[in-house]
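Note sheet for the following structure.
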Amino acid sequence: MGRVVTYLDAAATTRVDPRVAEVVLHWMTDDFGNAGSRTHEYGSRAKRGVQQSRQFLASTFGAEPDELIFTSGATESNNIALLGLTPHGEQSGRRHIITSAIEHKAVIEPLEHLQSRGFEVDFIEPGLSGRVSADAVLERLRPDTLLVSIMHVNNETGVVQPVVELAERLRDTPTYFHVDAAQGYGKLPQDLTAPIDLISVSGHKIGAPKGVGMLVARHQGWDELPLQPIMFGGGQERGLRPGTLPVPLIMGLAEAARIFQKEHARWTKSAAELRTRLLDALAKTRFRINGDQNHVVPHILNLSFDGVDAEALIVLLKEHVAVATGSACTSASYAPSHVLTAMGLPEEAAANGLRLSWFPDQTSDLDVDALAALVSHMQSDSA
């Protein structure tokens, strides 16, 4: 039997909670109806299940059920939010967008596409803290600013962005506010009850299956947001996300959110305890922590070890722990992290950031001292 490899890449994805898997399997094999089928009980049960899930999930944002759209994940949600506002921006002459240079590629690349269509995008660099200043965002507001898009929690550093402050300060302006909450949903629940217009979420960051997520699109008083669909055919989800609803995945997402809500306090405490254990053990090595540690989630830690190549370290550690250099969408690339580069880190540190991220119940076999010893040994060899 092979060595047990501890999973420390939860920011990329989490294991589906076994309790969630049971729910998904039930809705795949027993109550397997199409929620759009109106002529029999199978379809009726599926429709009721989706309605109940939508109501619960919307409540986690303090939103109404009809403000929540089911999608395949945060990438699709981001695209609907950003590209769906494009026609309104073009018609109203508001072609200016503010974002940060540390956003996930699922935000950066749609915005780069909008640049090719004549939109002007300000990419704010956060500095060494990795935290965008709300003042820096507000200073760039213009009469033609259509949208501000700032992530909730950075996926590489775990640094929490000031989305609550931004929501409050933007609410009396005509500018829409979008938040990519892929990493923050469930972990900092109160933040997402702020008056944010558009919120994107992926289920697989909290123990739900891959392939399901949400877009919250809050009403503006009596008016809906001026979103236009980017896909067509079927009219489901207010016409913004056509296609047969993946009932098993939606039910799994709701179950994962319920579990995470119920176990949130224990999860947070355990995640913070592991962070302390890791840092205590690694004290015998030479490293820098990337990002403002006064504004950070407990389960993501980004480190640059002095004199150590991150890719070589990952190879050394691969039989012990599963870690990554950054976003799973770009971790195959050997280029320096665009997040750490935008923060202004020295080139060597930006090229060698190592992200450790965890769900506490998946790390019971982690030997933090052995991990530290391997790093220390590598630093000794490179000295």
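The values are calculated or read from the model by the stated rules, or taken from the named source; none is laboratory data. Just so it is clear, the structure is predicted and the values come from calculations on it, not from any experiment. Cβ: placed from backbone, ideal geometry, glycine included. Neighbour counts: every protein chain shown.
At a glance:
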quantity	calculated
Any hit, the stretch 302-321, residues being loosely packed, with under 13 Cβ neighbours inside 10 Å, assigned to a loop (DSSP other than H, G, I, E, B), in contact with a Lys or Arg (Cβ under 8 Å, 6 or more places away or on another chain) and not polar (S, T, N, Q)	yes
Matching option when the condition is more than 12 Å from the chain's Cα centre (by Cα) and closer than 18 Å to F260 by Cα, among K210, K205	K210
Residue under evaluation F232, criteria (1) farther than 22 Å from H264 by Cα; (2) touching a residue at least 40 places away in the same chain (Cβ under 8 Å), criterion not met	(2)
Any hit, the stretch 272-288, residues being outside any loop (DSSP other than H, G, I, E, B), in contact with a Gly (Cβ under 8 Å, 6 or more places away or on another chain), assigned by TED's automatic domain parsing to the domain that holds E347 and under 23 Å from I206 (Cα atoms)	no
Options A335, A349, A328: the member that is at pLDDT below 90, touching a strand residue (DSSP E or B) at 6+ places or on another chain (Cβ under 8 Å), over 18 Å from T13 (Cβ atoms) and aliphatic (A, V, I, L, M)	A349
Residue that is surrounded by the most Cβ atoms within 10 Å (Cβ to Cβ), among those in the stretch 148-176 that are in contact with a Leu (Cβ under 7 Å, 6 or more places away or on another chain) and over 22 Å from G127 (Cβ atoms)	Y176
When residues of the stretch 363-383 are limited to those that are loosely packed, with under 14 Cβ neighbours inside 10 Å and farther than 17 Å from L278 by Cα, the one modelled with the lowest pLDDT	A383
Within the stretch 226-250, tally of residues that are outside any loop (DSSP other than H, G, I, E, B) and either among the charged types (D, E, K, R) or more than 24 Å from the chain's Cα centre (by Cα) (or both)	3
Residue list for the stretch 239-249, filter: at pLDDT 85 or above and within 30 Å of P174 (Cβ to Cβ)	L240, R241, P242
Residue in the stretch 115-123 that is under 14 Å from the mean Cα position of the chain (by Cα), in the same structural domain as G252 (by TED's automatic domain parsing) and touching a residue at least 12 places away in the same chain (Cβ under 8 Å) present	no
Answer residue from the stretch 238-262, given it is touching a residue at least 60 places away in the same chain (Cβ under 8 Å) and of a type in the set (D, E, K, R) and is farthest from A58 (Cα to Cα) among those	R241
In the stretch 85-110, residue surrounded by the most Cβ atoms within 10 Å (Cβ to Cβ) [restricted to those that are assigned to a helix (DSSP H, G or I) and under 20 Å from the mean Cα position of the chain (by Cα)]	V107
Filter result (under 25 Å from V24 (Cα atoms) and either buried (at least 24 other Cβ atoms within 10 Å of the Cβ) or free of Cβ contacts under 8 Å to residues at least 12 places away in the same chain (or both)) within the stretch 188-203	I199, S200, V201, S202, G203
Enumeration of residues in the stretch 132-168 that are assigned to a loop (DSSP other than H, G, I, E, B) and farther than 20 Å from V296 by Cβ	R140, L141, R142, P143, D144
Tally, over the stretch 264-319, of residues that are among the aromatic types (F, W, Y) and over 21 Å from the mean Cα position of the chain (by Cα)	2
Residues of the stretch 208-225 classified as outside any loop (DSSP other than H, G, I, E, B), modelled with pLDDT of 90 or more and farther than 25 Å from A21 by Cβ, total	2
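Residue-by-condition table, conditions (1) touching a strand residue (DSSP E or B) at 6+ places or on another chain (Cβ under 6 Å); (2) under 30 Å from T14 (Cα atoms); (3) of a type outside the set (D, E):
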| position | (1), (2), (3) |
| --- | --- |
| G234 | no, no, yes |
| L240 | yes, yes, yes |
| V247 | no, yes, yes |
| A254 | no, yes, yes |
| F260 | no, yes, yes |
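Per-residue answers, yes or no, for (1) exposed (fewer than 14 other Cβ atoms within 10 Å of the Cβ); (2) over 28 Å from L301 (Cα atoms); (3) small (G, A, S):
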residue: V23; (1), (2), (3): no, yes, no
residue: S37; (1), (2), (3): no, yes, yes
residue: T75; (1), (2), (3): no, no, no
residue: L82; (1), (2), (3): no, yes, no
